[in-house]
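One structure is given below, encoded as C-alpha cells.
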Amino acid sequence: MPSIDDSARVVDSSVGQAEIREHVTIHDSELGDGCRVYERSSIKKSRISDQVDVNAGTYIENAEIGPNVQIGPNCSVVGVTHELSERGMEFRNDVFERIVLHERVFVGAGAVLAPGIEIGERTVVAAGATVSRDVGPGKIVLGSPPVQEIVDLHEWMNR
C-alpha cells in the first residue's frame, strides 16, 4: 500500500508502493514501487518506473522515466511545447514530445530538460544545466547551450 500524504492529490493515476509527500499532484500517470515524490512536486501524463526519487518542487509532464533515476529539487522535465510560426507561439495548442530518461540517470537541482529529448543510462545532468538535445549513455552534461559541455563520465571523473 502506498504512503500518500493527505494533502496530495492523485487523479486518474496508478501508484505502486510509493511515498508521496505534502502538496504533490499526480495526474494521468503511473508510478512504480519504491518511488519517492517530495513536497510540492507535480507529475502529469508520465510513466515513472521503480525506485525513482523526484525531489521537492519538480515539475514533470509527458515523460518516461526508467528505474533508479534521481531528479533533484526544482527541476523542469517538460515534454510539451507549442507550434511556432511567423505569428509566434500558438496559444493553447499543446504539442507533446515525450522525454525519456533511461536507467540510473541523475538530474541535478534546477536542471531543465526540453521536450523530445532522450538521456542515456548512467548519465548525469549537472545542477542548473539545460538539456535541449539527446545525450548518450555514461555522460555528464555541464552548463547550457551554447557553451554546454557533454563529456564521457569516466573521463570527467579522472580529470
Highest-fluctuation residue, Asp94, Asp28, Asp134 considered, GNM on the chain with Cα pairs under 10 Å | Asp94
Hey, what do the phi angles of region 92-108 turn into as Karplus ³J(HN,Hα) couplings, whole Hz, using 6.51/-1.76/1.60 and θ = phi - 60°, x for Gly and Pro?
-> 6, 10, 5, 10, 9, 10, 4, 9, 10, 10, 7, 3, 6, 6, 10, 10, x
What is the set of long-range amide H partners of Glu118 at a cut-off below 5 Å, with H atoms built 1.01 Å from backbone N?
-> Val100, Asp134, Val135
Note to self, the chain gives a 222 nm [θ] from helices alone (DSSP H runs n ≥ 4, -39500 (n - 2.57) apiece, / all residues, nearest 500) of -500 deg cm²/dmol
State the antiparallel share, in %, of DSSP beta bridges confined to region 1-102, rounding to the nearest 5.
-> 15
Amide H neighbours of Gln17 at under 5 Å, excluding residues fewer than 5 places away on the same chain, with H built from the backbone geometry, are Asp33, Gly34
Looking only at GluC sites (Glu not before Pro) in DSSP loops with at most 14 other Cβ atoms within 10 Å, what is the longest site-free stretch of the chain?
-> 23-85
Using the number of other C-beta atoms within 10 angstrom as an exposure proxy, rank Asp6, Asp53 with the fewest first.
-> Asp6, Asp53
Taking θ as phi - 60°, what are the ³J(HN,Hα) couplings along region 14-25 by the Karplus curve (6.51, -1.76, 1.60), each to the nearest whole Hz, with x for Gly and Pro?
-> 10, 10, x, 6, 10, 10, 10, 8, 5, 6, 8, 10
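Quick note: the coordinates plus some simple rules give every number you see, no bench work behind them. Bear in mind the structure is a predicted one, so any value in this text is a computation, not a measurement. Positions of Cβ are backbone-derived with ideal geometry, glycine not excepted, and every protein chain shown enters the neighbour counts.
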